[in-house]
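Engineer: Quick one: structure below, then a few questions.
The values are calculated or read from the model by the stated rules, or taken from the named source; none is laboratory data. Owing to the predicted nature of the structure, the values given are computational and were not obtained by experimental measurement. Note: ideal-geometry Cβ built from the backbone for every residue, glycine included; neighbour counts use all protein chains shown.
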Amino acid sequence: MAALIEAKDLTKKYGAHVALDRATLNIEAGRIVGLIGPNGAGKTSALRAILGLTNYEGQLTVLGREPFRDRTALMNECCFIADVAVLPSWLRVDQAIDFVAGVHPRFRRDRALGLLAKTQITGKRRMRELSKGMKTQVHLALTMAIDAKLLVLDEPTLGLDILARRAFYDALVNDYMDETRTILITTHQVEEVENLLTDIIFIDRGRIVLDTSLEDVATRFTAVAVTADRLEAARAAKPYYERHILGKVVLYFESVDAGKLAAFGELHTPSVSDLFVAKLSGGAA
Amino acid sequence: MNTSTWLIRREFWENRAIWVIPVVFGAMLILAALFGQVSIPKLTTPAEMHEAAGAFQVVVGAMFYVVMSVYATWYLLDCLYADRRDRSILFWKSLPISDAKTVLIKLLVGMILIPLVYFAAADATALMGAFILSIRARASLGSALWQPEAWWDIQVLWMYCIITTAIWYLPIAGWLMLVSAWAKRAVMLWSVLPPLVAYIFERVFFGTHLIGHTLTRRLMGLPAVAFNNAKHVWTQGSAGVDNGSLAIRAWDLINPSGFFTSAETWIGAAVGIVLIVGAIQLRMRRSEI
């Protein structure tokens, strides 16, 4: 299947600062992809480029279009929530629905109303009167009522409490996601999204550090809890990261045969957060 | 309804001041007409009545025009800045609406629709005011301040004013929108500072006043380009005639052939278009602050 997002040598500079440094990535349809990186790694720059909000160097096609040149057409098939707190304070809920219904050919009003009916929010309320969690619900209802092929979420739960965050991701997975859709999420809170992702892309200092599916993670990466007496032997197998927890040492290996590693200790597949920490601090060392 | 209509509605939702200010201003004028200390001169001849009615409507209209100019200036300066400041631009840009359309609709609202709202409010206020003052002066209704001819004159004058203002001030509007799309803060300051610095720079280093003259001419020159000399018309019109032609007719005042053939008009409009294209380009590249 053709890739939904194809980027080759994508570069974005702000003066002397290079926010994206020849990033190359492919995202296929039907996936839930996490674009993960520390603050200032270039996540937002990558998303801005993908959404046509900024110009860039290099090649980039999203749904077969050049985003910066074709943003208007792209937004017919792609929608995004860049931080949930951006609905204007003066806008009323019913006005928001009317407006989006008026300008978006793929918006389904009944769906938006259905989603809002599950909440306490009434149409005459203005955004400034709503809590941040309620605003999220409105924005999510507006966005999920659009029949889009690609949904992009940039730090979507920033500033939300744990209940609102959980509700946000539950709604996303249960009410929205199906095989015709693709979701791209950026976040620096890995734990929050790792259970729903199918693919992960790590980005650090403007470069793509890792781009893999979670199925591949299991075969490619192994973490071994090594006992002290076997530590030297295990180290000889070239782990890329080492972590000391409560007197135990966990070594992280990439593309090393699991059968060989089993001799050193207990094996497990690293979680996305483990991988993230390992990959990023390991790469820096 | 199409996208443009929805964009216009959105401007009226966001900027309720567009109609609240003229309504409140009109209500204040009507209160003044109702309870204010007004001395209404005795009007006897039809010519006097026509003149008084025309003058009354012109005065009301001029007051609305001044308020409208101030508000429209503020609107244009704020319109592209407001949603960058509160980051709602990220919501608007998630919808399939081009930046060119967004900018042009805001220009249309600032230069045509806001003046039309003020025009309607001025008209309603002048009519109600005339009605009230006629009763207070104990004149028979419909004869003192209600003069259909004078009323038609005002409609012509207003429409002409709206069209000429929109074309003449296009470079100013373009500049305000450019600043609005560009500045990270203090739009008011940024709109005034660069021209001021350029003016001082030219004065100090070249000893000339070209920028100052050009700007002053643009800000103040509309009456000279778009209208005939009012004093001249007045003396011509009143000379030796005493049967109703005393009042100035709108057609004598306005100078469309002069305005629409003036190079100044179209050079300014061209500069305005360049600035607006610049504002659109900035709108495409700059998102939240």
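Engineer: Test each condition in (1) at pLDDT 90 or above; (2) assigned to a helix (DSSP H, G or I); (3) not acidic (Asp, Glu) for B:HIS232 and report the one that comes out false.
Structural biologist: Here B:HIS232 clears every test but (1).
Engineer: Among the residues of the range A:201-211, write down those that are touching an Asp or Glu at 6+ places or on another chain (Cβ under 7 Å) and part of a strand (DSSP E or B).
Structural biologist: Result: A:ILE201, A:ARG207.
Engineer: Ok, one more. Just need a number here: residues in the range B:10-21 that are free of Cβ contacts under 8 Å to residues at least 12 places away in the same chain, in a helix (DSSP H, G or I) and not aromatic (Phe, Trp, Tyr).
Structural biologist: So the answer is 2.
Let's see how each residue does on (1) buried (at least 22 other Cβ atoms within 10 Å of the Cβ); (2) within 14 Å of chain A (Cβ to nearest Cβ):
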residue: B:ALA47; (1), (2): no, no
residue: B:ALA52; (1), (2): no, no
residue: B:ALA55; (1), (2): no, no
residue: B:TYR65; (1), (2): no, no
residue: B:LEU76; (1), (2): yes, no
residue: B:ARG87; (1), (2): no, yes
residue: B:LEU90; (1), (2): yes, yes
residue: B:LEU104; (1), (2): no, yes
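Engineer: If you check B:ILE97 against the conditions, is it within 21 Å of B:THR73 (Cα to Cα) and either in contact (Cβ under 8 Å) with a residue 12 or more places away in the chain or within 14 Å of chain A (Cβ to nearest Cβ) (or both)?
Structural biologist: Answer is no for this residue.
Engineer: Looking at (1) of a type in the set (Gly, Ala, Ser); (2) in contact with a Leu (Cβ under 8 Å, 6 or more places away or on another chain); (3) without any contact (Cβ under 8 Å) to a residue 60 or more places away in the chain, which one does B:ALA173 not meet, given that it meets all the others?
Structural biologist: Among (1) of a type in the set (Gly, Ala, Ser); (2) in contact with a Leu (Cβ under 8 Å, 6 or more places away or on another chain); (3) without any contact (Cβ under 8 Å) to a residue 60 or more places away in the chain, B:ALA173 violates only (3).
Engineer: May I pose another question? For the range A:257-275, name all the residues that are in a loop (DSSP other than H, G, I, E, B) and in contact with a Phe, Trp or Tyr (Cβ under 9 Å, 6 or more places away or on another chain).
Structural biologist: Restricting attention to the range A:257-275, the residues satisfying the condition of being in a loop (DSSP other than H, G, I, E, B) are A:257, A:262-264, A:269-271.
Answer for the range A:257-275, where residues must be in a loop (DSSP other than H, G, I, E, B) and in contact with a Phe, Trp or Tyr (Cβ under 9 Å, 6 or more places away or on another chain): A:THR269, A:PRO270.
Engineer: Within the range A:139-148, is there a residue that is closer than 30 Å to A:VAL18 by Cα and in the same structural domain as A:VAL93 (by TED's automatic domain parsing)?
Structural biologist: Initially, the range A:139-148 is screened for residues closer than 30 Å to A:VAL18 by Cα, giving none.
No, every residue in the range A:139-148 fails to be closer than 30 Å to A:VAL18 by Cα and in the same structural domain as A:VAL93 (by TED's automatic domain parsing).
Engineer: Mind checking which helices (runs of 4 or more DSSP H) fall wholly inside the range A:77-193 and carry at least 2 residues that are on the phi < 0 side of the Ramachandran plot and more than 13 Å from every other protein chain (Cβ to nearest Cβ)? If you could, list the steps in order and put the result at the bottom.
Structural biologist: Working: elements: A:93-103, A:109-117, A:132-144, A:162-171, A:190-193.
Correct list: A:109-117, A:132-144, A:162-171, A:190-193.
Engineer: Out of curiosity, is A:GLU192 free of Cβ contacts under 8 Å to residues at least 60 places away in the same chain, in the same structural domain as A:GLY42 (by TED's automatic domain parsing) and not β-branched (Val, Ile, Thr)?
Structural biologist: Numbers: free of Cβ contacts under 8 Å to residues at least 60 places away in the same chain: yes; in the same structural domain as A:GLY42 (by TED's automatic domain parsing): yes; not β-branched (Val, Ile, Thr): yes.
Against the criterion (free of Cβ contacts under 8 Å to residues at least 60 places away in the same chain, in the same structural domain as A:GLY42 (by TED's automatic domain parsing) and not β-branched (Val, Ile, Thr)), A:GLU192 qualifies.
Engineer: Determine, yes or no, whether A:LEU4 is surrounded by 20 or more Cβ atoms within 10 Å (Cβ to Cβ), of a type outside the set (Phe, Trp, Tyr) and within 20 Å of B:MET284 (Cα to Cα).
Structural biologist: Considered against the rule, which asks whether it is surrounded by 20 or more Cβ atoms within 10 Å (Cβ to Cβ), of a type outside the set (Phe, Trp, Tyr) and within 20 Å of B:MET284 (Cα to Cα), A:LEU4 comes out as no.
Engineer: I would also like to ask the following. Kindly state which helices (runs of 4 or more DSSP H) lie completely within the range B:22-92 and contain at least 3 residues that are in contact with a Leu (Cβ under 6 Å, 6 or more places away or on another chain).
Structural biologist: Per the criteria, B:46-78.
Engineer: Restricting attention to the range A:64-76, which residues are within 9 Å of chain B (Cβ to nearest Cβ) and part of a loop (DSSP other than H, G, I, E, B)?
Structural biologist: Once the filter is applied, which keeps residues that are within 9 Å of chain B (Cβ to nearest Cβ) and part of a loop (DSSP other than H, G, I, E, B), the range A:64-76 yields A:PHE68, A:MET75, A:ASN76.
Engineer: Can you say whether B:ALA100 is out of contact with any helix residue (DSSP H, G or I) (no Cβ under 6 Å at 6 or more places or on another chain) and either farther than 30 Å from A:HIS139 by Cα or modelled with pLDDT of 90 or more (or both), as far as the supplied structure shows?
Structural biologist: no
Engineer: Now for a separate question. Can you pull out the residues in the range A:40-63 that are assigned to a helix (DSSP H, G or I), of a type outside the set (Val, Ile, Thr) and within 11 Å of chain B (Cβ to nearest Cβ)?
Structural biologist: Once the filter is applied, which keeps residues that are assigned to a helix (DSSP H, G or I), of a type outside the set (Val, Ile, Thr) and within 11 Å of chain B (Cβ to nearest Cβ), the range A:40-63 yields A:LEU47, A:ARG48.
Engineer: Find the residue count for the range B:70-84, including only residues that are without any contact (Cβ under 8 Å) to a residue 12 or more places away in the chain and within 14 Å of the chain's Cα centre (by Cα).
Structural biologist: 2
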